[in-house]
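What follows is one structure encoded as structure tokens, with my remarks underneath.
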Amino acid sequence: MRYANARGLAESGSSLYAAGWENSGGKDTTTVWQIDGSTVTPIALTDGTRHAAAWGIAAIGSGGPPVLYAAGYEGDYGKDAAMAWKIEGSTVTPIPLTGGTRSTAFAVIAP
């Protein structure tokens, strides 16, 4: 069974971005969906080898594609680490925030 869950929204220009996770029978994979009208483009932030999810997202910048920041967690059963991901175009940069102590980053606050 495949399912998805979105927990955070951000807007930039004519695009809407949703952050959350999806699962197709394995582990949750952190995903951001770019929504342009009726077109939805998923952007995988993790590879599915560990459970992961995003709970918040921010879009920064104007006059071009925004830089996106998503926040959430990644880990396995009691050893979750708070994480952030920086998304610039097709480049995803993971940013560990804790060392696996069941902490979770729930939201992103942008200026």
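Things to note:
- Restricting region 71-97 to residues that are aliphatic (A, V, I, L, M) and over 15 Å from residue 34 (Cα atoms), the residue that is surrounded by the most Cβ atoms within 10 Å (Cβ to Cβ): 83
- Elements of type strands (runs of 3 or more DSSP E) contained in the chain, each with 2 or more residues being aromatic (Phe, Trp, Tyr) and at pLDDT 90 or above: 15-23
- Residue satisfying all of: in region 19-38; of a type in the set (Gly, Ala, Ser) and in contact with a Gly (Cβ under 6 Å, 6 or more places away or on another chain); nearest to residue 9 (Cα to Cα) among these: 19
- Within region 1-38, considering residues that are touching a Phe, Trp or Tyr at 6+ places or on another chain (Cβ under 8 Å) and among the aromatic types (Phe, Trp, Tyr), the one surrounded by the fewest Cβ atoms within 10 Å (Cβ to Cβ): 33
- Filtering region 58-70 for residues that are under 27 Å from residue 1 (Cα atoms), of a type outside the set (S, T, N, Q), without any contact (Cβ under 8 Å) to a residue 24 or more places away in the chain and surrounded by fewer than 20 Cβ atoms within 10 Å (Cβ to Cβ) leaves an empty set.
The values are calculated or read from the model by the stated rules, or taken from the named source; none is laboratory data. Remember, predicted model here, so these are calculated numbers, not experimental data. A quick note on method: Cβ atoms are made from the backbone with ideal geometry, for glycine too, and the neighbour counts reach across all protein chains shown.
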